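Read-outs throughout are calculated quantities, based only on the coordinates presented, and are distinct from any laboratory measurement. Note that the structure is predicted; figures quoted are calculated from it, not measured. Here the Cβ positions follow ideal geometry from the backbone for every residue, glycine too, while neighbour counts run over all protein chains shown.
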Amino acid sequence: MSPRPRKASDDDVFAAALRAMSRLGPGELTLAEIAAEAGLTAGALVQRFGSKRDLLLTMARLLAEGSPDFFEQLRAGHRSPIAALRYYAECMAGLAESPAAFTRNLAYLQIDLTDEDFRKHLAVQARATRVGLESLITDAIAKRELVQSTDAKKLARTIEAVLSGSMMTWAHYRQGTAATWMREDLDAVLAPHLTKRRRPSRPSRKH
């Protein structure tokens, strides 16, 4: 007799957990909340993952391991590496869709930074992100979107640092959306490296 199929796959559960995390802080998030979002019972999640912590650790590992695939999707979805970099900034801005969402994500980041079991996955994701950014920059140099003298390693590190700081600065000022704010900061970093054909033309003055 074949086993009864699960009502929700692990991917469904992880997606449900992310949705729950988008509206609940670490202290509010429970297995019951995740289970309700996934259409399961908390007991079913305990049987499958053991605990909320184990579920979140599994998610953290899979997200970290999936970072290279994410950058491959960026590359495949954009003919221009510069466009892919700008889209990456928009994706990152999704963590700050609102000041409240940013605050919640900052609370989860605090756990990632202070709990060694979570931090090791954060470190894997950070290294993969640096490699992904460097690869896109190298592609942009090869396609003559960036000048040949661009140091891909240094620029990747700078972009990583600027976007993280840009999100925090947006939270301070709360002017416009985080996506617009972060794209502007990214463009400012890229501007000195753009080839002439990639630089936006100056708008003509109206008399």
Could you identify which residue out of Ser51, Ser80, Ser149 has the top mean-square fluctuation in a GNM of the chain using Cα springs shorter than 10 Å? Ser149
Choose one answer from Lys153, Lys196, Lys52: the residue with the largest mean-square fluctuation in a GNM of the chain with alpha-carbon springs under 10 Å. Lys196
What's the angle, to the nearest 10 degrees (0 to 90), between helix 67-77's Cα axis and the longest principal axis of the chain? 50 degrees
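Please compare each pair in Lys120/Lys153; Lys52/Lys153; Lys52/Lys154; Lys120/Lys196 to a cut-off of 31 Å on the Cα-Cα distance and tell me which ones are over it. Please report the intermediate quantities before stating the final value.
Values: Lys120/Lys153 22 Å; Lys52/Lys153 38 Å; Lys52/Lys154 39 Å; Lys120/Lys196 41 Å.
Violating the 31 Å limit, Cα to Cα: Lys52/Lys153; Lys52/Lys154; Lys120/Lys196.
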Fewest-first ranking of Met168, Met182, Met59, using other Cβ atoms within 10 Å as the exposure measure: Met168, Met59, Met182
Exposure proxy order (Cβ contacts within 10 Å, fewest to most) of Ile111, Ile141: Ile111, Ile141
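If you stretched the chain out fully between Ile111 and Ala142, how much longer would it get, using 0.36 nm times the residue separation minus the C-alpha to C-alpha distance? Please list the in-between numbers first.
Details: separation 31, 0.36 × 31 = 11.16 nm, distance 3.92 nm.
Residue separation times 0.36 nm, minus the Cα-Cα distance, leaves 7.2 nm.
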Evaluate E = 1/(1 + (r/R0)^6) for Glu65 and Ala171, where r is the Cβ-Cβ distance and R0 equals 41 Å; express this FRET efficiency to the nearest 0.05. 0.90
Give the separation of the Cα centroids, region 27-93 to region 153-182, in Å. 21 Å
If you rank Arg23, Arg61 by fewest surrounding Cβ atoms within 10 Å, what's the result? Arg23, Arg61
